[in-house]
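Participant: Please find one structure pasted underneath; my questions will follow.
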Amino acid sequence: MNCCNIRLETATPAQAEAIHRLIQPLARRGLLLPRSIEEVRTAAPPFITAEADGRIVGCVVLRDYGDGLAEVRSLAVQPDWNGQGLGSRLVARAVETARRDGFTWLFALTRRPNLFRRLGFHVVPKERFPKKVWTDCARCPIRDHCDEFAMMLPLDTIPSKVNVPRRETAVSTIPPSNDATLGRERP
C-alpha cells in the first residue's frame, strides 16, 4: 500500500454503500457515530473519498451548521491504511473544500487531537457547539463519559492550500493550547 497512489475525490451517490461499509465497523466500536445509508447518500456537501485500486479506503464529510460553521465528521480509514497519513490528507482536503464553499470556521470532535493539531486546529470547549451537543451527542453511546476533544480551525487565517506535515514521530500528548478562551493550558 502506498499512500501516494491514493486519489481523493468527491463521492457519488453510487458510492454510498461502500462508504457506509467503511463507517459501520467504526460505529459499532463506538469510534464514530453511526450513519444510515440514506445519510451517506444525501450528505450535502457530499463525502470526500480516498480511493486505491478502485476501492474506497477512506472518507470524510463536512456538515453545515449555518453561519459559516461546518463540522469535519465521519473521518474513517481502512485499518490496513492507518498510519500512512491518509486521515491527514482527507482532513486537509475537507479544509480546502470548506474554504472553497465559503465556510469561515471548522470544528471536529475527535479522539485524535494530534492529527487535527498538526493541521492547525486548536482545542476549544465543547460548549461552543450547542447544536452539535443537542443533536449528535445526545444520541452518542458514550455521551455520559465523553473522551473526545473539540477542535476548531478559523478558515480566514490559514493559507489557501493546507500542507499536510510529514509524520516524523508519534506524539502521545497534546501540546499546550494557545486558545485564551480556555482559561488554562492543556497538559
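Participant: Can you give the FRET efficiency for ASP80 and GLU38, using 1/(1 + (r/R0)^6), R0 = 22 Å, r = Cβ-Cβ distance, to the nearest 0.05?
Facilitator: Here the calculated transfer efficiency is 0.20.
Participant: Need the full-extension length gain, ARG100 to THR12, defined as separation in residues times 0.36 nm minus the C-alpha distance. One decimal, nm.
Facilitator: Taking 0.36 nm per residue and subtracting the Cα distance, the gain is 29.8 nm.
Participant: Evaluate the distance, in nm, between pseudo-label points positioned 7 Å from the Cα of ALA27 and of ARG128 along their respective Cα→Cβ axes.
Facilitator: Using points 7 Å along Cα→Cβ, the separation is 2.8 nm.
No lab work stands behind these numbers, since they all come straight from the coordinates. All values derive from a computational prediction rather than experimental measurement. Heads up, the Cβs are rebuilt from the backbone with ideal geometry, glycines too, and the neighbour counts pull from every protein chain shown.
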